[in-house]
Amino acid sequence: MIGWAKENNITINDKLDYHHQFSYGRGCIAKQKVEEGEEILRIPLEHCIGHEAHFGTSPFSQFSAVIQTTLCLLKEQLKGKESKFDAYLQTLKDERPHNLIMFSDEERGTLRGTSLDWATETTDPEVNYREKFLPFIEESKENFPTRITYSQFRRAMSLVLSRGFHLNDKGPFLVPFADSLNHHCEHPHTGLEGMFDSGEVGFIMRAGKAMFPDEEVFNTYGDLASHQLLQTFGFIPRHNNPHEIFACSQAIIKSAMEEHCPEHPYDPKKVAAMKKAGIPFPPSVSEEDVSELVTVCFWLGPHAINEEVVANVTLEMNDGEPYCEALRMALGVVSASIDTMSEVPTNVMRPSIQQLHKKERALLHITRRTIIKELTMTLMIDGNEGKNNKRRGSDGSGNGGKRGKRRRR
């Protein structure tokens, strides 16, 4: 790889071992001290797989960006030693990322209740391959002279998903050397940036802080929750993740709503109206922030059944019963998610899925306490104000204890 880098005007830092073998897999390690601000990689875009698809006229333009890069990778793999990327492709031979595209049906089933619950109901990806991609591949003999099996296609796509980087709104690209750095949620040493120097387009990495001998050098893949890292990159972080959120399942929201308000069935039209208004759906929650879920529960609940969905509306304690009802429904969704995860037998899970279940159940238990605390405080306020109104009489306050209008953010 070092010789290949020199031949192709790729600048690497000889103080780093970009393909070090750790006990848990490959990564990058510092051999000598690297000072803050020091350049550790500079690579022109033409030496990144995917450049032909995302700059200029793409031969695969009818497909999504990820599929286009996947087809570029397959095209280079079929060239073998004739590919200008052969040295780089050799480093990928033993890579087997186990991201969502590689999950078996049984493994997808163990995601029930988690943020990836939706994946338990998705179409068989092999059927999708045979119907959408295989006919194109078989007709494009100039790019794919031999047949591409589903196994080859799926592995190539898993590599693109787990190793791809974007340049502004273009990509993903497979970026040699940069993709060897593992991710750290809190303390990365560097990040990959776009390079636009003197007309040259590509990527550059600089040390965001000093790196010391025998220290693993970490990149950042973005502010991503554990379920997003598992879905795309195939791992759950070993260290703390300050970006942890739980993405609620649409199916669980539907069932929880129907159980909580059987007289007001789940309304897909309301869901469509929320999406159109820019309200996140399905909603996410964190340990302390349940506002997205509470907003969704309000719009799907009985207090908004005849109201038109509008954006930027938030409910607060002073909203009384509508807020309490939304909190109760949110509590039902969170509790149902915990119960659904608890029903999945752990002995059939992959270790990464077990870790996801453990992290998300822990988060939801704290989230449930947050909702209960908020609901209790709201009921106490509502009860105290009710007593005061009763003392003043029905005309003492001028509104009989009713709340004002919900506020827009």
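The values are calculated or read from the model by the stated rules, or taken from the named source; none is laboratory data. It should be emphasised that the depicted structure is a prediction, and the values quoted were computed from it without experimental measurement. Because the Cβ atoms are built from the backbone with ideal geometry, glycine has one as well, and the counts that use them run over all protein chains shown.
Across the stretch 161-174, the number of residues qualifying as touching a Gly at 6+ places or on another chain (Cβ under 8 Å) and either of a type outside the set (Phe, Trp, Tyr) or assigned to a helix (DSSP H, G or I) (or both) comes to 7.
Would you call Leu293 in a loop (DSSP other than H, G, I, E, B) and crowded, with 19+ Cβ neighbours inside 10 Å?
It is false that Leu293 is in a loop (DSSP other than H, G, I, E, B) and crowded, with 19+ Cβ neighbours inside 10 Å.
Quick check: is even one residue across the stretch 373-393 surrounded by 14 or more Cβ atoms within 10 Å (Cβ to Cβ), on the phi < 0 side of the Ramachandran plot and at pLDDT 95 or above? Within the stretch 373-393, not a single residue is surrounded by 14 or more Cβ atoms within 10 Å (Cβ to Cβ), on the phi < 0 side of the Ramachandran plot and at pLDDT 95 or above.
Per-residue answers, yes or no, for (1) under 29 Å from Glu52 (Cβ atoms); (2) not in a loop (DSSP other than H, G, I, E, B):
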{"residue": "Ala119", "(1), (2)": "no, yes"}
{"residue": "Asn128", "(1), (2)": "yes, yes"}
{"residue": "Phe136", "(1), (2)": "yes, yes"}
{"residue": "Asn143", "(1), (2)": "yes, no"}
{"residue": "Arg155", "(1), (2)": "yes, yes"}
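Please determine, by comparing only the residues of the stretch 327-348 that are in contact with a His (Cβ under 8 Å, 6 or more places away or on another chain) and either part of a helix (DSSP H, G or I) or of a type in the set (Gly, Ala, Ser) (or both), which one is surrounded by the fewest Cβ atoms within 10 Å (Cβ to Cβ). Within the stretch 327-348, the match that is surrounded by the fewest Cβ atoms within 10 Å (Cβ to Cβ) is Thr346. Could you go through the stretch 367-379 and let me know if any residue there is under 22 Å from the mean Cα position of the chain (by Cα) and touching a residue at least 24 places away in the same chain (Cβ under 8 Å). Yes. Picking from Glu215, Glu193, which residue would you name as being within 30 Å of Ser23 (Cα to Cα), without any contact (Cβ under 8 Å) to a residue 60 or more places away in the chain and not assigned by TED's automatic domain parsing to the domain that holds Thr367? Selected residue: Glu193, the only one of Glu215, Glu193 that is within 30 Å of Ser23 (Cα to Cα), without any contact (Cβ under 8 Å) to a residue 60 or more places away in the chain and not assigned by TED's automatic domain parsing to the domain that holds Thr367.
The residues of the stretch 118-172 that are touching a helix residue (DSSP H, G or I) at 6+ places or on another chain (Cβ under 8 Å) and on the phi > 0 side of the Ramachandran plot amount to a single one, Gly171.
Residues of the stretch 301-325 that are in contact with a His (Cβ under 8 Å, 6 or more places away or on another chain) and of a type in the set (Gly, Ala, Ser): Gly301 alone. Being in contact with a helix residue (DSSP H, G or I) (Cβ under 7 Å, 6 or more places away or on another chain) and either of a type outside the set (Phe, Trp, Tyr) or crowded, with 21+ Cβ neighbours inside 10 Å (or both) is the filter here; which residues of the stretch 1-26 pass it? Within the stretch 1-26, Met1, Asn8, Ile10, Ile12, Tyr18, His19, Arg26 meet the criteria. Listed by first and then second residue, the pairs with beta-carbon distance under 6 Å, at least 6 apart or on different chains, first residue in the stretch 108-133 and over 15 Å from Ile353 (Cα atoms), second buried (at least 20 other Cβ atoms within 10 Å of the Cβ) and of a type in the set (Phe, Trp, Tyr), are Tyr129/Phe153.
Here are some residues: Phe233, Phe281, Phe246, Phe218. Which one is under 30 Å from Lys31 (Cα atoms), in contact with a helix residue (DSSP H, G or I) (Cβ under 8 Å, 6 or more places away or on another chain) and not charged (D, E, K, R)?
Testing whether each residue is under 30 Å from Lys31 (Cα atoms), in contact with a helix residue (DSSP H, G or I) (Cβ under 8 Å, 6 or more places away or on another chain) and not charged (D, E, K, R) leaves just Phe233.
Quick check: anything in the stretch 216-227 closer than 27 Å to Asn168 by Cα, β-branched (Val, Ile, Thr) and assigned to a loop (DSSP other than H, G, I, E, B)? Yes, the conditions are met somewhere in the stretch 216-227.
Sort out which residues of the stretch 175-193 are part of a loop (DSSP other than H, G, I, E, B), on the phi < 0 side of the Ramachandran plot and either surrounded by 16 or more Cβ atoms within 10 Å (Cβ to Cβ) or small (Gly, Ala, Ser) (or both), and write them in order of number. Residues satisfying the conditions are Val175, Pro176, Leu181, His184, Cys185, Pro188, His189, Thr190, Gly191.
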